[in-house]
Structures are given as C-alpha cells and as structure tokens.
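K.L.:
Sharing a structure here in structure tokens format.
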Amino acid sequence: MTYAETLEHIYALGRFGIKPGLDRIVPLLAALGNPQDTFKTVHVVGTNGKGSTSSFLASILGAGGYRTGLFTSPHLISFTERMKVNGAEIEEDDVARLAALVLAAAPKESTFFEIVTALAALYFAESGVDIAIFEAGMGGRLDATNALNGILCAIAPISIEHTDYLGSTVEEIAAEKAGICKPGAPVVTARQLPEAQFIIEHNADRLAAPLYRQGEAFDAFWMDRSLYYRGVSLTLDGLQCGLLGRYQSGNAALALACAEILGAIGFPITPQAMAAGVANARWPGRMELFGDAPRVLLDGAHNPAGARALAEALDDIPRGRLFLVIGVMADKELSGILSPLLPLAERVFAVTPAIDRALPAVELAGYCLGAGVEAMAAGSVGEGVQLARNVAADDDLIVVCGSLFTVGEARGHLKSETFEPFRG
C-alpha cells in the first residue's frame with residue numbers, strides 16, 4: 001500500500017472505537033517479536049502537560065547523547081509527527097512498510113491506537129533507540145502503551161476528562177492513570193489535586209515504587225524570564241525555556257526530575273545537557289506564535305485546566321485587541337473551556353474543525369453570544385483564521401484554541417502544508 005492508502009486503512013479501524021484493554025496489543029507485540037524489549041521505555045501520563053513534558057524529556061535525552069524515540073498523539077498536521085527519533089519524524093515510506101507488518105499480525109478488531117502503538121515500537125526497535133518516551137493516549141492502566149514495561153513513569157497534572165471511560169471523579173481518573181506505573185519503577189509526579197495525590201501515593205506504596213513529588217523532591221520557578229530548577233540532587237539556575245508560557249515551568253521541572261532519576265538507573269545526563277535540552281525543546285501547537293502583523297498564537301487548550309493556563313499565559317504577551325478562533329469537540333465541557341477566555345476576547349470566530357466529533361460552529365457561536373461576547377460562525381478553521389486576520393490590526397493578537405484538532409488544522413493553513421485530518 002502507498003502511504004495514503006495505509007492511512008485510509010488504519011483510520012478505518014476507528015469503526016471499532018475506543019476499546020480500553022491489553023488483550024489485543026499484547027499478542028500483537030508478541031507476534032512482532034516484542035520489539036519494545038530492545039529499548040527502555042518512559043511512560044508519561046496525565047491530563048494537561050504530558051505532551052510538553054514528553055517533548056522536554058526527549059530533548060534532554062537527545063542532548064545527553066542518547067538515541068531517543070518519542071511517541072505522542074494526536075498529530076497536528078501529519079501522521080508522521082506521532083513518532084520521532086532524535087526529533088526527526090518517521091518517513092512516509094517507513095509508515096507504509098511497517099504498518100503492513102503490523103496489520104498482518106494484528107488480532108481481529110485491533111483499534112487504531114493499538115496499531116499505531118505497535119508501529120511505533122517496531123519503528124523504534126528498527127531505529128536502534130536507546131530509550132523511548134511514550135505519551136499515553138487515554139488513561140494508563142488499560143491504555144495500549146501500558147503493554148510496554150516502563151522503567152520510569154511521569155505523571156503530569158490530573159483533572160476530570162474522558163469520564164465515559166476513566167470514571168467520573170478525580171480519584172477514579174487518577175487510579176486509571178497511575179495504573180501504568182510498574183513495580184519498583186520510580187514515579188515522578190507534578191503537583192496534583194489532593195485526591196489525585198492520595199491515589200498516586202497509595203499506588204506507589206503498593207508497587208514499592210520510589211515516589212518523587214513536585215514541591216517536595218523538586219521544583220522550578222521563574223525569575224527575570226529565566227527558569228530556576230531545584231532538583232532531587234542538583235540545582236540549575238538561569239535556564240532558557242524553549243516553550244512559551246509560564247505554566248511550562250511545571251512541565252520542565254517534571255522532565256528535569258525524570259532526567260535526574262534516569263541518571264541513577266542507567267542514563268546519566270550532565271547538567272549542561274539538561275540545560276540544552278530545556279532550551280532546545282519544541283512542541284508545535286502549544287503557545288506557538290506565527291507571524292508578526294498580526295501575530296497568531298496556537299495553543300492546544302481543550303479542557304478547563306488548559307484554558308485557565310492559557311488565559312494566565314496571555315497576561316505575559318503585550319498586545320492590542322485579542323481575537324479568538326475557537327473550535328471544540330462536542331463532548332467537551334464548553335463552559336469550563338470558554339469562561340477563562342471569553343472575557344479577554346474582542347470577538348470570537350467560532351469554527352468547525354474537520355472531525356466528526358466537532359461541535360458545529362453555529363452552536364459554539366450561539367453560546368458565546370449568550371455569554372455576551374461578539375461572535376460569529378466562521379465555518380472551517382482556515383476560514384476563521386483568515387477572517388480574524390482580515391479584521392485584526394498589526395498589534396492585535398489572534399489566539400487559536402479549543403482543540404488540538406483545531407490547532408493542527410490552523411497550523412496547516414498558516415504553513416500552507418497539506419493537513420491530514422484525523423479520522424480514527
């Protein structure tokens with residue numbers, strides 16, 4: 001199959017929906033020769049910040065001289081973004097070639113995410129990586145990535161999400177996410193809500209897993225636009241951060257603490273490599289600026305906690321008026337996402353991203369109008385971005401947010417690149 005045909009085939013697996021569980025991915029990996037056993041794995045779970053944390057850690061390990069794999073989801077523009085080795089995306093020909101092997105070995109009714117997880121493991125093994133960071137897709141305990149035996153688990157902040165699958169309370173969701181931790185393997189956690197922290201501590205104790213908490217074992221703070229890290233056994237001052245947003249201090253701290261602990265279990269990393277990794281980290285679509293007259297800011301905020309973090313980060317960006325281009329999924333908590341952002345907006349351009357689960361732009365615009373903010377249904381993401389650029393002055397700021405799918409489509413429009421809509 002060609003690359004395009006391969007994508008059509010694996011996207012078609014979306015008909016099986018989301019089916020948490022390891023009963024298909026484990027035999028699939030075994031049929032492929034358990035490629036995940038050829039490298040070490042770090043798991044990253046959480047609700048907000050797991051992608052940024054993964055990017056920071058991959059950058060740090062790469063700066064330390066290790067051949068490093070990075071598996072993330074969803075993609076923004078191209079499927080190839082989902083798996084990288086030392087920052088380089090997988091080639092389209094390799095996607096087609098390796099997917100054919102995975103599909104041939106896959107049990108009946110394997111899901112899209114299971115196929116992609118196995119493809120990543122096979123690619124990283126073939127690429128000879130020393131270590132790979134796997135960002136969990138949803139949850140942890142029953143996530144396909146949990147079929148890999150991680151040597152360390154990082155837990156980004158946990159909040160309410162995916163209640164149809166993970167539970168209706170923070171405690172239930174934390175139990176699912178912490179379920180990816182392995183016996184004896186260190187656990188590094190960001191600041192958590194008390195109910196999530198209790199579950200993580202209980203789980204670590206049950207697994208005899210060393211636990212490192214932000215605010216106790218390590219932390220980071222800003223001073224004069226530089227980042228200062230107080231770690232488990234070292235201090236790093238005056239770090240430059242490659243990712244915008246004051247909230248990135250927590251994600252950088254989590255990654256740096258992971259790097260410290262990895263140093264004690266077979267992957268030593270110098271302070272210089274840690275500093276370089278933080279400075280060189282890139283994570284597209286998260287506080288990412290395009291252009292300068294007017295500027296367009298892309299941020300994947302798609303839940304209440306992410307929207308609050310975005311609103312706080314916007315305080316640090318000098319600007320004239322602020323225009324919102326926003327598209328959300330129909331199953332998201334609309335009021336929680338919009339309430340921190342609408343008071344900042346001069347006008348909202350509601351859009352419908354190219355995915356079946358998207359909330360129609362006309363409904364989104366109606367909600368914003370009901371909240372007392374000028375809004376219009378702008379159609380597609382590209383149309384919304386263009387309408388905003390048409391009315392914005394040079395010193396105004398256009399913010400695109402509400403969903404990673406919205407951000408990815410906007411990024412493709414701004415870069416004039418072919419956008420591959422996600423249909424899994």
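The values are calculated or read from the model by the stated rules, or taken from the named source; none is laboratory data. Computed from a prediction, not measured in an experiment: that's the story for all the values here. In this analysis, Cβ positions are derived from the backbone assuming ideal geometry, glycine residues included, and neighbour counts consider all displayed protein chains. Just the protein is used for accessible areas: all its heavy atoms, side chains included, with ligands, DNA and RNA removed. Shrake-Rupley method; radii C 1.70, N 1.55, O 1.52, S 1.80 Å.
K.L.:
Are any of the residues in the stretch 112-119 open to solvent by 10 Å² or more (accessible area, probe 1.4 Å) and of a type outside the set (A, V, I, L, M, F, W, C)?
P.N.:
So far as the stretch 112-119 goes, no, none of its residues is open to solvent by 10 Å² or more (accessible area, probe 1.4 Å) and of a type outside the set (A, V, I, L, M, F, W, C).
K.L.:
Can you find a residue that is assigned to a loop (DSSP other than H, G, I, E, B), under 17 Å from Ala147 (Cβ atoms) and open to solvent by 30 Å² or more (accessible area, probe 1.4 Å) anywhere in the stretch 79-98?
P.N.:
No, there is no match, as no residue in the stretch 79-98 is assigned to a loop (DSSP other than H, G, I, E, B), under 17 Å from Ala147 (Cβ atoms) and open to solvent by 30 Å² or more (accessible area, probe 1.4 Å).
K.L.:
Output the residues belonging to the stretch 159-184 that are open to solvent by 10 Å² or more (accessible area, probe 1.4 Å), not polar (S, T, N, Q) and not in a helix (DSSP H, G or I).
P.N.:
Within the stretch 159-184, Ile160, Glu161, His162, Gly167, Gly179, Cys181, Lys182, Pro183, Gly184 qualify.
K.L.:
Hey, among the residues in the stretch 339-368 that are among the aliphatic types (A, V, I, L, M), open to solvent by less than 10 Å² (accessible area, probe 1.4 Å) and touching a helix residue (DSSP H, G or I) at 6+ places or on another chain (Cβ under 7 Å), which one's nearest to Met287 (Cα to Cα)?
P.N.:
The extreme case among them is Leu341.
K.L.:
Within the bounds of the stretch 263-273, is there any residue that is in a loop (DSSP other than H, G, I, E, B), more than 23 Å from the chain's Cα centre (by Cα) and buried (at least 16 other Cβ atoms within 10 Å of the Cβ)?
P.N.:
Taking every residue of the stretch 263-273 in turn, at least one turns out to be in a loop (DSSP other than H, G, I, E, B), more than 23 Å from the chain's Cα centre (by Cα) and buried (at least 16 other Cβ atoms within 10 Å of the Cβ).
K.L.:
I want to confirm something. Restricting to the stretch 1-14 and keeping residues that are β-branched (Val, Ile, Thr) and part of a helix (DSSP H, G or I), which single residue is surrounded by the fewest Cβ atoms within 10 Å (Cβ to Cβ)?
P.N.:
Thr6
K.L.:
Which one of these is open to solvent by 10 Å² or more (accessible area, probe 1.4 Å) and either more than 28 Å from Asp130 (Cβ to Cβ) or not basic (Lys, Arg) (or both): Leu57, Leu61, Leu70?
P.N.:
Leu70
K.L.:
Let me ask another. Quick check on my filter: what residues within the stretch 15-60 are in a helix (DSSP H, G or I) and under 20 Å from the mean Cα position of the chain (by Cα)?
P.N.:
Once the filter is applied, which keeps residues that are in a helix (DSSP H, G or I) and under 20 Å from the mean Cα position of the chain (by Cα), the stretch 15-60 yields Lys50, Gly51, Ser52, Thr53, Ser54, Ser55, Phe56, Leu57, Ala58, Ser59, Ile60.
K.L.:
Right, here's the next one. Regarding Ala393, is this residue open to solvent by 30 Å² or more (accessible area, probe 1.4 Å), assigned to a strand (DSSP E or B) and at pLDDT 95 or above?
P.N.:
no
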